[in-house]
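**Student:** Dropping the structure in here first, questions after.
Where a number appears in this text, it was derived from the coordinates with a stated rule and is not lab data. Just so you know, these numbers come straight off a predicted model, no measurement behind them. Note that each Cβ is placed from the backbone with ideal geometry, even for glycine, and that neighbours are counted across all protein chains shown.
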């Protein structure tokens, strides 16, 4: 019965799973995997982790999400929203520290599900979510400028904020090199053109393939990804000292909160594009967080970054006609086959090309339509959007979300203060 439900069959089997549904799920899973490949590698590299771990996030979490998740075509994977948290943990404590933070955040997500907090997190103001997305997009773009320009910026890389990294790049603009610029910018331009020509195309993968061809044909030499192990990574040895755990709890709680909001918002967007405009049931949000929390506990044990819902992959499945959780399983299976049979080709991807993928995704997340709508927003929405977006760049992601949400609380208090102290009751 569980598997029948996950396949989308009715309670009495009125709707049968046939070849049409299978082809939609298979094609959607393949396209989602092709999109995931360069993006997963780029995200893990951005976090300071071995690139292959970004792929294993999808492979390890997909079966659990497909079985227990609420939205059958919500495809999970390594996401930009988690970068600030895991990058800091990896920089301070290595792969083990990032894995430990992921597991603690996963436990918080399970706690959110058990205590039924998911239904309340789904109510985070849209302006804060949009501002956070734009801020992360700007951070992703800035973080890759030194690699794309080919400049050495040790000061910029050690900076704790995107603003500090940008300042470091500006100081070394005179040292920019042509080869990484050609490879990185080629990926950005080709991915943009591919996405405009066909929403079904794996745009970042097309850009990366072109970068490999350019490097081979013209003999351009740049650092490459290197050999990727096709085997499951070993479980990470972690030291669970009380002092270390306590020090990580605030970051873990913030990471869990941001990831949970990301998952629930993405699920709503995917349901909208599937043509289902009904509001999520309260229990749906809790169930989704429980599935991702369980899946991420498993992934974190192997050092893989946290998995959240990915809009690009999920919408690719919908556009290809995918309707059931099998699309999620196909997506993971194709990634596994690519690592097993095509790791040699993947190892030759130039690092500037991966930087181009990250920068392109950053440009997509900037959501220019939101900036154009800014004059039409209410004052509190506009302020929350701007404060959240700029705070991600200037401070950090945790304070950015807190500051954006706090504006609504201040607005409510101010509105209540302006009301007359006593109003005659109407009987």
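**Student:** Give the calculated FRET efficiency between residue 241 and residue 376 to the nearest 0.05, with a Förster radius of 41 Å applied to their Cβ-Cβ distance. Intermediate results must be reported in sequence, preceding the final value.
**Tutor:** Details: r = 52 Å, r/R0 = 1.26.
According to the calculation, E is roughly 0.20.
**Student:** Taking one equal scatterer on every alpha-carbon of the chain, how large is log10 of I(q)/I(0) by Debye at q = 0.08, 0.13, 0.14 1/Å?
**Tutor:** With no solvent term, the Cα-only Debye profile gives -0.44, -1.16, -1.34.
**Student:** Rounded to two decimals, what is Rg over Rh for the range 317-396 when you use alpha-carbon atoms and the Kirkwood radius? Let's see the in-between values first.
**Tutor:** Numbers: Rg = 19.4 Å, Rh = 16.8 Å.
When Rh is taken as the Kirkwood radius, the ratio is 1.16.
**Student:** Let me ask something else about it. Rounded, prolate or oblate, given the Cα gyration tensor of the range 170-225, with a/c below 1.5 counting as rounded?
**Tutor:** Numbers: a/c = 2.94, a/b = 1.58, b/c = 1.85.
Since a/c reaches 1.5 but b/c is at least a/b, the shape of the range 170-225 is classed as oblate.
**Student:** Run the quick spin-label model on residue 298 and residue 96: label points 7 Å from Cα toward the beta carbon, then report their separation in nm to one decimal.
**Tutor:** Rounded to a tenth, the inter-label distance reads 2.5 nm.
**Student:** Please check: in the Gaussian network model of the chain (C-alpha springs, under 10 Å), which one of 304, 176, 89 has the largest mean-square fluctuation.
**Tutor:** Between 304, 176, 89, it is 176 that shows the largest mean-square fluctuation.
**Student:** Expected output is a single nm value to one decimal: the length gained when fully extending between residue 416 and residue 369, i.e. 0.36 nm times separation in residues minus the C-alpha distance. What is it? Walk me through the intermediate numbers first.
**Tutor:** Values: separation 47, 0.36 × 47 = 16.92 nm, distance 3.24 nm.
Value of the extension gain: 13.7 nm.
**Student:** While we're here: R0 = 45 Å: FRET efficiency of residue 281 with residue 197, Cβ-based, nearest 0.05?
**Tutor:** Values: r = 38 Å, r/R0 = 0.85.
Efficiency, rounded to the nearest 0.05: 0.75.
**Student:** Can I ask one more? Can you bin every Cα-Cα distance in the range 17-138 into 10 Å intervals starting at zero and give me the percent of pairs per bin, rounded to whole numbers?
**Tutor:** 11, 33, 38, 15, 2, 0
**Student:** If neighbour count is taken as other Cβ atoms inside 10 Å, put 405, 297 in order from fewest to most.
**Tutor:** Working: 405 16, 297 19.
Final ranking by Cβ density, sparse to dense: 405, 297.
**Student:** Then there is this: Nearest 500 deg cm²/dmol is fine: what mean residue ellipticity at 222 nm does the chain get from its DSSP H runs of n ≥ 4 alone, each adding -39,500 (n - 2.57), divided by its residue count? All intermediate terms of the calculation are to be shown ahead of the outcome.
**Tutor:** Working: 19 runs with 299 residues, N = 427.
Computed ellipticity for the chain at 222 nm equals -23000 deg cm²/dmol.
**Student:** If you don't mind, there's one more thing I want to ask. Can you work out the FRET efficiency for the pair residue 177 and residue 213, with r the C-beta to C-beta distance and R0 = 25 Å, to the nearest 0.05? Mind showing how you got there, number by number?
**Tutor:** On the way: r = 20 Å, r/R0 = 0.80.
The calculated FRET efficiency here is 0.80.
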